[in-house]
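The values are calculated or read from the model by the stated rules, or taken from the named source; none is laboratory data. Predicted, not measured: the structure shown is a model, and the values here were computed from it. In this analysis, Cβ positions are derived from the backbone assuming ideal geometry, glycine residues included, and neighbour counts consider all displayed protein chains. Side chains are part of the model used for accessible areas, which takes the heavy atoms of the whole protein and leaves out ligands, DNA and RNA. Shrake-Rupley method; radii C 1.70, N 1.55, O 1.52, S 1.80 Å.
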2 protein chains.
Amino acid sequence: MKASIITIGDEILIGQIIDTNSAWIGQQLNDIGIALSEIISVADTIDAIRIGLDQAVAVSDIVIITGGLGPTQDDLTCEALAKYFDVEMVFHEELWTRIQGMFAKRGRQTTNLHKEQCFLPANANLLENTMGTAPGMHIKTMAAQFFSLPGIPYEMKYIMETHILPTLAKSSPVHIVHKTIMTAGQGESILAKEIEHISSILPEHIKLAFLPSLSKVRIRLTGKSTNDKEALHKEVIDYAHQISNALSQYVYGEDELSLEKALGELCISKKIKIATAESCTGGLVASKIVSVPGSSKYFEGGVVAYSYELKQKLLAVNKSTLQEYGAVSEEVVKEMLTGILKETGADIAISISGIAGPGGGTPEKPVGTIWLACGSLSEQRTKKLLLSKDRGLNIEYTSNVAINMLRQFVDTSVSS
Amino acid sequence: MKASIITIGDEILIGQIIDTNSAWIGQQLNDIGIALSEIISVADTIDAIRIGLDQAVAVSDIVIITGGLGPTQDDLTCEALAKYFDVEMVFHEELWTRIQGMFAKRGRQTTNLHKEQCFLPANANLLENTMGTAPGMHIKTMAAQFFSLPGIPYEMKYIMETHILPTLAKSSPVHIVHKTIMTAGQGESILAKEIEHISSILPEHIKLAFLPSLSKVRIRLTGKSTNDKEALHKEVIDYAHQISNALSQYVYGEDELSLEKALGELCISKKIKIATAESCTGGLVASKIVSVPGSSKYFEGGVVAYSYELKQKLLAVNKSTLQEYGAVSEEVVKEMLTGILKETGADIAISISGIAGPGGGTPEKPVGTIWLACGSLSEQRTKKLLLSKDRGLNIEYTSNVAINMLRQFVDTSVSS
């Protein structure tokens with residue numbers, strides 16, 4: 001089984017948006033043992049879509065199409081598919097009812113354009129999209145299976161995960177087993193070196209990949225086999241255990257667990273309440289903690305004290321400390337930490353102050369200088385980072401370090 | 001003149017890396033009036049490359065190939081091109097001398113693999129690459145012009161900017177002009193309806209596209225002409241003005257301006273200080289404000305009051321209000337707003353409380369119920385949202401609505 005992706009949209013061809021959908025789809029198909037032949041991006045014209053379809057069918061059995069399903073006149077995928085397969089457009093009453101319901105619930109009016117979205121090629125089966133108005137479609141012909149999806153990433157992902165991947169996985173002849181080990185706080189070169197004795201003896205059918213992101217490295221084992229799936233699974237898990245043991249000080253979980261989820265699980269099991277006091281990260285640490293469902297069980301809240309005044313007023317940082325050491329200093333983050341702990345009554349908290357850039361640096365404290373403090377009223381740990389000149393990267397990286405510091409502190413703290 | 005891009009590499013098809021090169025090349029070509037017909041990503045095999053070349057030549061005069069020029073055995077572009085054009089591979093002495101020089105300068109040894117990189121298809125002209133060992137190539141045939149470039153972004157960009165774009169720009173007969181209008185707070189169907197009187201009279205050579213994302217819609221005009229570029233520019237700008245005027249209540253800027261940047265510019269020009277009081281968005285609104293360089297000029301800070309206790313303690317919300325109306329209510333967000341304004345001394349603030357989900361909903365207040373209040377001590381505006389069941393989307397969408405409310409309030413407020 002071979003697949004192709006066709007992405008439809010002028011915005012991709014003129015480089016206004018980067019096609020991230022195809023990478024995600026490629027990963028998902030790869031995970032279930034289906035290889036991609038091609039990714040083809042074409043313009044918003046009937047003709048370009050027809051050419052793309054011809055090219056895809058020539059090299060694949062499965063064609064996944066994204067984009068061009070919106071309600072406006074530059075959305076031509078339905079019309080192009082109807083012409084390509086030489087079928088009528090048929091009105092789908094049940095889709096129209098669903099769209100009207102969605103709008104009624106939000107107290108908004110539908111338009112004629114939404115009604116037009118309910119005309120689909122006669123040979124298409126509807127794939128329900130609860131995330132938006134544009135439906136997914138499945139068209140099966142002698143030549144190939146076609147899936148048409150909206151270009152909006154979360155709608156596309158919903159339909160892929162709900163309707164398409166489970167069906168394709170069942171029909172794929174190759175067994176693929178993945179195991180991902182999540183690490184934080186160490187770079188990939190060092191990690192690779194520390195598990196060389198394991199990676200060098202891996203059999204041919206089990207591959208190892210290091211997938212680094214800001215302050216985290218995912219280590220992924222992928223086993224492929226057409227034989228016994230159980231045996232393959234056992235083999236992969238066994239190597240994963242060996243790797244986890246060798247890297248135990250950096251491993252915080254497995255299988256795409258996020259740092260904030262790992263932190264949350266620890267807080268719940270240890271019955272610990274946490275809080276945040278942020279300056280340069282501007283609330284990103286708090287928002288990552290809150291991104292976890294159920295975080296209200298252990299997250300009290302936080303303060304974003306961006307100005308000197310708020311650091312004093314909300315976090316009881318001493319004016320003299322700010323004047324003597326500056327806002328970006330070990331002394332100030334320690335006072336911020338004490339302040340947020342007292343203010344919120346949390347057991348453990350984190351505080352951050354730094355120069356994210358691009359402005360605000362000095363020879364003594366260049367852009368990228370960040371101080372963090374983490375701990376309780378009785379024990380504090382501090383850390384200094386010297387990062388890059390890129391504001392966005394500095395903020396993102398620091399927020400991950402902060403959550404990892406919190407996680408490590410909660411992990412080693414005594415249960416209350 | 002029409003161009004296609006072929007990107008070569010398994011890592012793109014399995015989604016291990018996202019193809020950012022093509023977006024960049026698309027932008028550059030678009031800027032000099034060369035339209036992209038297709039972007040085709042293919043695997044690291046001679047056969048896949050041949051199919052990609054056939055597809056590209058069928059729809060383009062210019063074929064830009066990236067990737068597969070490195071020194072390892074999975075780099076097959078040179079061999080594939082030689083086979084495709086049925087020519088010998090020829091050793092380039094001057095390239096070998098240059099590579100040896102590069103390595104000597106860095107005190108490193110060349111290997112046989114590097115020497116093999118100097119064998120290029122006989123019909124190729126070398127395009128010098130001072131950024132790495134892999135050369136760029138230019139092959140001209142009756143069917144099309146082919147350019148082959150390394151996949152490493154900075155090497156690709158160097159060769160494009162130095163050797164390819166200047167030449168292509170000279171020979172391009174088409175002028176292209178873009179104008180993007182940024183809107184927030186209304187869906188694309190309604191926007192489309194409100195400018196139907198303009199979109200229906202657009203001349204054939206000016207196209208309109210709606211590019212929606214969470215709570216924002218970008219409206220893009222693209223004009224193409226072989227005639228007077230100045231006149232085309234004037235024409236596109238004129239239609240953009242008409243659209244902006246028709247949608248003035250939703251338009252917040254142009255050309256990829258972010259909502260938070262637009263808010264920041266208004267705060268600076270009106271000398272207004274802002275603050276945030278967040279519950280369900282957990283600091284995301286503050287972190288978006290802080291993502292803008294220089295935001296310390298107008299952002300005082302904020303509070304993430306996730307628990308009932310912190311809403312009372314940090315934002316002076318009355319216990320009786322919480323008990324009578326619940327944390328997710330108009331009354332509570334109004335008190336949160338007053339609280340954060342008094343606590344921070346900011347001129348204008350936003351407060352948010354809602355049920356992001358997936359848990360916590362009741363029949364009366366289902367998941368997705370969000371209240372916002374925005375304003376100053378003398379004027380408050382409130383808004384209720386009824387969103388979906390997806391926690392992440394609810395938080396992201398609400399944070400955009402919040403920043404847009406702040407922006408609108410600052411926009412219409414009297415300068416201090």
Among the residues listed as A:L337, A:L393, the single one being open to solvent by 10 Å² or more (accessible area, probe 1.4 Å), within 25 Å of B:I289 (Cα to Cα), in a helix (DSSP H, G or I) and touching a residue at least 40 places away in the same chain (Cβ under 8 Å):
A:L393
Odd one out for A:A134, checked against (1) open to solvent by less than 40 Å² (accessible area, probe 1.4 Å); (2) over 20 Å from B:I190 (Cβ atoms); (3) modelled with pLDDT under 90:
(2)
Any residue at all in the stretch B:359-366 that is within 14 Å of another protein chain (Cβ to nearest Cβ), more than 14 Å from B:A277 (Cβ to Cβ), in contact with a Pro (Cβ under 8 Å, 6 or more places away or on another chain) and in a helix (DSSP H, G or I)?
no
When A:L259 is evaluated against the numbered criteria (1) open to solvent by 10 Å² or more (accessible area, probe 1.4 Å); (2) on the phi < 0 side of the Ramachandran plot, which criterion, by number, is the only one it fails?
(1)
Would you pick out the residues in the stretch A:84-96 that are assigned to a helix (DSSP H, G or I), open to solvent by 80 Å² or more (accessible area, probe 1.4 Å) and either within 14 Å of chain B (Cβ to nearest Cβ) or over 19 Å from A:P150 (Cα atoms) (or both)?
A:E93
How many residues are within 23 Å of A:R106 (Cβ to Cβ) and either within 13 Å of another protein chain (Cβ to nearest Cβ) or open to solvent by 50 Å² or more (accessible area, probe 1.4 Å) (or both) if we restrict to the stretch B:163-195?
12
Of residues in the stretch A:1-54 being in a helix (DSSP H, G or I) and charged (D, E, K, R), the one nearest to the chain's Cα centre (by Cα)
A:D31
May I ask you to say which residue of B:A356, B:A346 is within 12 Å of chain A (Cβ to nearest Cβ), more than 24 Å from A:S295 (Cβ to Cβ) and of a type in the set (A, V, I, L, M)?
B:A346
Look through the stretch A:403-415, keep the residues that are within 13 Å of A:K216 (Cβ to Cβ) and either of a type outside the set (S, T, N, Q) or open to solvent by less than 10 Å² (accessible area, probe 1.4 Å) (or both), and return whichever of them is nearest to the other protein chains (Cβ to nearest Cβ).
A:I403
Go through the stretch B:37-53 and report how many residues are open to solvent by 20 Å² or more (accessible area, probe 1.4 Å) and more than 9 Å from chain A (Cβ to nearest Cβ).
5
Among the numbered criteria (1) open to solvent by less than 40 Å² (accessible area, probe 1.4 Å); (2) without any contact (Cβ under 8 Å) to a residue 60 or more places away in the chain, which one does B:P366 miss?
(1)
Taking the options A:I350, A:I403, name whichever one is assigned to a strand (DSSP E or B), under 22 Å from A:T183 (Cβ atoms), among the aliphatic types (A, V, I, L, M) and in contact with a helix residue (DSSP H, G or I) (Cβ under 6 Å, 6 or more places away or on another chain).
A:I350
Which of the residues belonging to the stretch A:224-233 are open to solvent by 60 Å² or more (accessible area, probe 1.4 Å) and not in a strand (DSSP E or B)?
A:T226, A:N227, A:D228, A:K229, A:E230, A:H233
Looking at the stretch B:316-326, can you tell me whether even one residue there is crowded, with 23+ Cβ neighbours inside 10 Å, at pLDDT 95 or above and closer than 20 Å to A:T344 by Cα?
yes
Which condition from (1) within 14 Å of another protein chain (Cβ to nearest Cβ); (2) farther than 26 Å from B:D19 by Cβ is the one that B:Q100 breaks?
(1)
Name every residue in the stretch B:238-269 that is of a type in the set (D, E, K, R), more than 13 Å from every other protein chain (Cβ to nearest Cβ) and closer than 30 Å to A:T276 by Cβ, in order of residue number.
B:E265
Which count do you get for residues in the stretch A:212-223 that are of a type outside the set (S, T, N, Q) and open to solvent by 20 Å² or more (accessible area, probe 1.4 Å)?
5
Does the stretch B:18-36 hold any residues that are of a type in the set (A, V, I, L, M, F, W, C), touching a helix residue (DSSP H, G or I) at 6+ places or on another chain (Cβ under 7 Å), more than 7 Å from every other protein chain (Cβ to nearest Cβ) and open to solvent by 10 Å² or more (accessible area, probe 1.4 Å), and which are they?
B:I32
Which one of the conditions (1) more than 28 Å from the chain's Cα centre (by Cα); (2) buried (at least 16 other Cβ atoms within 10 Å of the Cβ); (3) more than 14 Å from chain A (Cβ to nearest Cβ); (4) not in a helix (DSSP H, G or I) does B:G68 fail to meet, given that it meets all the rest?
(1)
Being touching a Lys or Arg at 6+ places or on another chain (Cβ under 8 Å) and in contact (Cβ under 8 Å) with a residue 24 or more places away in the chain is the filter here, so list the residues in the stretch B:290-334 that pass it.
B:S291, B:V292, B:Y298, B:F299, B:E300, B:A305, B:A316, B:G326, B:A327, B:V328, B:E330, B:V332
Provide a single number: the residues in the stretch A:267-302 that are surrounded by 21 or more Cβ atoms within 10 Å (Cβ to Cβ), among the small types (G, A, S) and in a helix (DSSP H, G or I).
3
Search the stretch B:206-232 for residues that are at positive phi and pair each with any residue that is in a strand (DSSP E or B) when their beta-carbon atoms are under 7 Å apart and the residues are at least 6 apart or on different chains.
B:S215/B:A184
Does B:I340 meet the test of being within 13 Å of another protein chain (Cβ to nearest Cβ) and closer than 18 Å to A:S296 by Cα?
no
